[in-house]
1. Is the shape of the chain best called rounded, prolate or oblate, per the rule: a/c under 1.5 gives rounded, else a/b larger than b/c gives prolate, else oblate, with a ≥ b ≥ c the square roots of the Cα gyration tensor eigenvalues?
2. At R0 = 35 Å, how high is the FRET efficiency between Ala155 and Ala43 if r is their beta carbon distance? Nearest 0.05 is fine.
3. For a Förster distance of 22 Å, can you work out the FRET efficiency between the beta-carbons of Asp99 and Arg59, rounded to the nearest 0.05?
4. Using the alpha carbon gyration tensor of region 1-57, what are the three equivalent-ellipsoid semi-axes (square root of 5 times each eigenvalue), largest first, in whole Å?
5. Taking the Cα centre of region 17-159 as the origin, how large is its charge dipole in debye, to the nearest 20, when only Lys and Arg (+1) and Asp and Glu (-1) carry charge on their Cβ atoms?
6. With Cβ to Cβ distances under 12 Å as the rule, what net charge do the other residues near Ala105 carry (K, R +1; D, E -1)?
7. In nm, to one decimal, how far is the modelled label at Glu193 from the one at Ala256, with both set 7 Å along Cα→Cβ?
8. Do you know the relative contact order of the chain, to the nearest whole percent, from alpha carbon pairs under 8 angstrom that are 6+ apart?
Amino acid sequence: MSELAGRVALVTGASRGIGAATARALAAAGARVILTDLADASALAAELGGLWRRQDVTREDEWREVMAFARSEAGGLDILVNNAGLFLQKPLLETTLDDWRRLHAVNVEGVFLGCKHAVPLLAERAPRWAGGAAIVNISSVAGLVGAAGAVCYNASKGAVRIMTKGLALELARSRIRVNSVHPGLIDTTMGQEVMSRVAAALRVDDEEARSRLARRTPLRTLGKPAYIADAVAFLASDRAAYVTGTEMVVDGGFTAQ
Ligand SMILES: NC(=O)c1ccc[n+]([C@@H]2O[C@H](COP(=O)([O-])OP(=O)(O)OC[C@H]3O[C@@H](n4cnc5c(N)ncnc54)[C@H](O)[C@@H]3O)[C@@H](O)[C@H]2O)c1
């Protein structure tokens with residue numbers, strides 16, 4: 001399948017988990033992928049025939065440099081996936097203002113900065129494609145429903161959800177589609193952290209927590225990064241040409257309950 005042939009896609013937080021799977025899916029669909037992360041993703045970039053650039057999404061100077069890199073090394077940008085994120089499970093009274101700011105710096109300001117600095121490049125090349133250019137922001141089911149003891153994370157992912165809708169309206173005339181994806185519990189480093197916390201709360205081991213969480217999911221299994229990557233690849237493609245401002249939930253039915 002080469003439906004993204006000729007397109008350049010940037011994925012943040014691409015060294016592992018959902019970001020790595022997304023880089024793979026976009027490359028498999030024919031896109032030239034620029035992988036960025038705090039952690040090294042150069043080997044994966046090389047494997048995918050893509051480009052690698054270290055980036056802290058909270059730093060505006062680095063977003064400027066990454067966009068200059070996309071322009072000079074890949075000729076521009078057609079797809080932005082704001083995936084880098086942090087999780088925090090802490091009761092309200094234990095949550096410090098620093099915790100709040102650190103989480104929002106990555107999960108919210110990182111997305112804001114990414115959109116802001118990518119839009120000029122995306123707008124330039126959007127007329128080339130039937131479906132225009134695309135931004136996909138990775139939110140969470142925690143951006144849709146509450147999670148006890150995760151007030152910071154809830155707030156940050158809710159912000160991503162509604163920022164996405166506002167931007168979709170603002171950018172529609174530039175033919176830049178903007179959508180959010182809302183994963184349920186996905187088996188990544190972050191997902192394993194969630195499972196360990198559930199295990200500690202229930203006083204069971206990680207394996208038992210994992211199987212209880214799977215049983216509470218209507219499709220009776222935990223999510224794989226590839227499920228999210230496939231949703232992103234669809235939203236980035238011309239098959240989603242009439243899809244903007246939407247929230248795609250990929251959670252095995254968890255929030256339908
Ligand atoms: N795993 C889940 O269950 C789940 C569920 C819902 C939503 N999500 C969201 O999906 C996205 C990816 O999650 P994941 O499970 O793959 O997590 P992960 O922790 O496995 O990977 C996150 C990546 O983001 C990178 N990162 C963190 N801070 C960064 C920064 N300041 N600049 C650049 N990169 C940074 C990390 O280095 C890491 O490679 C996140 O936005 C997360 O909130 C995950």
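1. Prolate is the answer for the chain, as a/c is 1.5 or above and a/b outweighs b/c.
2. The pair Ala155/Ala43 has a calculated efficiency of 0.50.
3. Working from the Cβ atoms, E equals 0.65.
4. Calculated on Cα positions only, the semi-axes equal 18, 10, 9 Å.
5. Working: 14 positive and 15 negative charges, 70 e Å.
It works out to roughly 340 debye.
6. Computed value for this residue: -2.
7. Here the answer is 3.0 nm between the modelled labels.
8. Relative contact order, the chain: 20 percent.
Here, each number is a calculation from the coordinates, and none is a lab measurement. All of these numbers come straight from a predicted model, not from anything done at the bench. Cβ coordinates were reconstructed from backbone atoms using ideal geometry, including for glycine residues, and neighbour counts include every protein chain displayed.
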